[in-house]
Amino acid sequence: MLRGTLRSFPANGHAAFLPQIRKLVFECCDRWPSSETTRNYLFTRLVGLARDNPHVEIVVRQRVHREPIVRGFYINNRDKVIPLNGLSLAEITQKVHLLLDSSGAKIKPLKRRTVESNTESVRGIWSGLHADRPDL
Amino acid sequence: MAAQKRLVSTAAKIASVSTAYLPRFPPREAIFKHSEIPKPPFAPETWASTRPPPPSALSAFAHRIGLASVLSTSDSVLRVCTHSSFPTLQQQFAPDERKVQTNAQLAPLGNALLGLFATEFIHTAYPHLPTRVLKAAVSAQVGTQTCAAVAQEMGAAPLLRWHRSDDVSHSDALASVPRAITALIYEKLSLLSARQFVHSYFLSREIDLRGMIKFRHPKIALLEMIKKLNREYPKSRLLKETGRYSNSPIFVVGIYSGADKLGEGFGSSLRMAEYRAAEDALHRVYLTRVPNHLMSLPTSTFPTGLGSVFKVKGKEKPHTPADLGMAEVEYGRSGRSSAGYTD
């Protein structure tokens, strides 16, 4: 066991919380009507969003003759893309907040998974040799 | 699926430049111009790695770690994220540009501060911990690997400017970032603010302290400890057993000093159970932890106020030092030293 290789394990949120989203990129076309609502969002609500979330780098790019998208980049080097065509202004706001709150991890189906934990159980694992003898 | 994963990791490694903040794009060097003197061909990846990250990314980083007041300008964030190996790269590929400020002076100061805060915290929290385990725990809490991991989790990896060489690895370069941040907080605010930063980002992380305590002869170590504390000679007693003649017996043995049970262990043989009981007894001593609300750290004596410890004005605060823990048992040492090993 070499001292230089020893390390600790993260506990995000125990003392300080680091939001997992790094950058939010809005891409839309200047002309096509599918980007109309997205352009409206960028003109009306984007500056307020940037002011409320100073920890996120916000980028606006042109995406000529394509559907509008919003892409979130996360600390774990993954990104999430959400297309914005056909959505209303409220729905676009909802999708943007979905990206802001996400951790960037892959979506895992929780139906079949058993309990997984890094911490030991609080009361310890049951031992027949330490329990009371059954009293009939 | 695997191809997608490879693409993502490769994309993360390639330096990307935001053209919005460049004075001119494409750069002059990229446009081929015939000249008498042969020049080395333009390498776009090297050019991209010498460009500074955009100011929006630097500002977002400062806000993400909650230090927008300390890292108030882009220059201070750039300074913190530039490793001392970067000027050699800049000298080679962009010698005409203004020399960048690096974190070469801040990082060692920050490293010293990290060591100070971690050592006082772990020593106050675990007063009976053996010295080598204490040192291993400090390395785990604020060592290079942890600093690099903290930098990665803060999102400093895309902002880091460095140059790979035989002496400098990616972990070394990343680790300099949180150290430089700690030093900058100490310079701009105070020692106690730097301590708060270290407690939030480093000392809240989990380490496996039990795994760092390794024994060679726990029964002999326990015997020496009992002699030092003038207790009765230890006696191991079989508490419970099952399946003695089967292929999977379980024995539960307790080590007693008089009427007090010092430790309990299980095993598939009597000797194994007794060994574990001695280990358990020593763990119960070494890993006694003082609760956070009863901990009194030595750096709490510094007055709260802005400035370095030599310049800050105010009255010293009272501090009650904790009782010294038991000195370690030393016996039969053959001279080989290994981190965390205790006898």
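The values are calculated or read from the model by the stated rules, or taken from the named source; none is laboratory data. Computed from a predicted model, the values in this text were never measured in an experiment. Heads up, the Cβs are rebuilt from the backbone with ideal geometry, glycines too, and the neighbour counts pull from every protein chain shown. Quick note on the areas: whole protein, heavy atoms, side chains included, nothing else; ligands and nucleic acids left out. Shrake-Rupley method; radii C 1.70, N 1.55, O 1.52, S 1.80 Å.
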Q.
Can you find, among B:Val80, B:Thr320, B:Tyr256, the residue sitting farthest towards the positive end of the charge dipole of the protein assembly as shown, where Lys and Arg contribute +1 and Asp and Glu -1 at Cβ?
A. B:Val80
Q | For peptides B:164-170, A:111-117, A:29-35, sequence by mean Cβ density within 10 Å, most packed first | A | A:29-35, B:164-170, A:111-117
Q: Taking a cut-off of 30 Å between Cα atoms, list the lysines near B:Lys317, but don't count ones fewer than 8 places away on the same chain.
A: B:Lys135, B:Lys188
Q | Per-residue ³J(HN,Hα) for the stretch B:256-264, Karplus 6.51 cos²θ - 1.76 cosθ + 1.60, θ = phi - 60°, Hz, x for Gly and Pro | A | 10, 10, x, 9, 8, 7, 8, x, 9
Q: Mind scanning A:Lys80/A:Lys111; A:Lys23/A:Lys95; A:Lys23/B:Lys99 and naming the pairs with a C-alpha gap bigger than 19 Å?
A: A:Lys80/A:Lys111; A:Lys23/B:Lys99
Q: Report, in deg cm²/dmol and to the nearest 500, the calculated mean residue ellipticity at 222 nm for the protein assembly as shown, where each DSSP H run with n ≥ 4 adds -39500 (n - 2.57) and the sum is divided by the residue count.
A: -11500 deg cm²/dmol
Q) How much net charge surrounds B:Val100 when only the other residues with a Cβ under 11 Å from the Cβ of B:Val100 are counted, with Lys and Arg +1 and Asp and Glu -1? A) +2
(Q) Please compute, for peptide B:58-68, the average count of beta-carbon atoms on other protein chains lying within 10 Å of each residue's beta-carbon. (A) 4
Q) If Lys and Arg each add +1 and Asp and Glu each add -1, what is the summed charge of the other residues whose beta carbon sits under 14 Å from the beta carbon of B:Thr124? A) 0
Q: Quick one: among B:Leu239, B:Leu192, B:Leu78, which has the greatest mean-square fluctuation in a GNM of chain B with alpha-carbon springs under 10 angstrom?
A: B:Leu239
**Q.** Nearest-20 debye value, the protein assembly as shown charge dipole, Cβ charges on Lys, Arg, Asp, Glu
**A.** 480 debye
Q.
Taking the 0 to 90 degree range and rounding to the nearest ten, how far is the long axis of helix B:55-64 tilted relative to the main principal axis of chain B, both from C-alpha atoms?
A. 20 degrees
Q. Hey, if we sort B:Met154, B:Met272, B:Met295 by accessible area with the 1.4 Å probe, largest down, what's the order?
A. B:Met272, B:Met295, B:Met154
Q: Within 10 Å of each Cβ in peptide A:31-38, how many partner chain Cβ atoms are there on average? Round it to a whole number, please.
A: 0
Q. Packing-wise, with mean Cβ within 10 Å as the measure, how do A:55-62, B:308-315 rank, highest first?
A. A:55-62, B:308-315
Q. Leaving out ligands, DNA and RNA, what percent of the accessible area of chain B is carbon and sulfur, probe 1.4 Å?
A. 55 percent
Q. For chain A, what is the accessible area per residue in Å² when the probe is 1.4 Å?
A. 71 Å²
Q. Per residue of A:51-58, what is the mean number of Cβ atoms on other protein chains within 10 angstrom of that residue's Cβ?
A. 5
Q | Global geometry of the stretch B:128-199, whether rounded, prolate or oblate, following the gyration tensor of its Cα atoms and the 1.5 cut on a/c | A | oblate
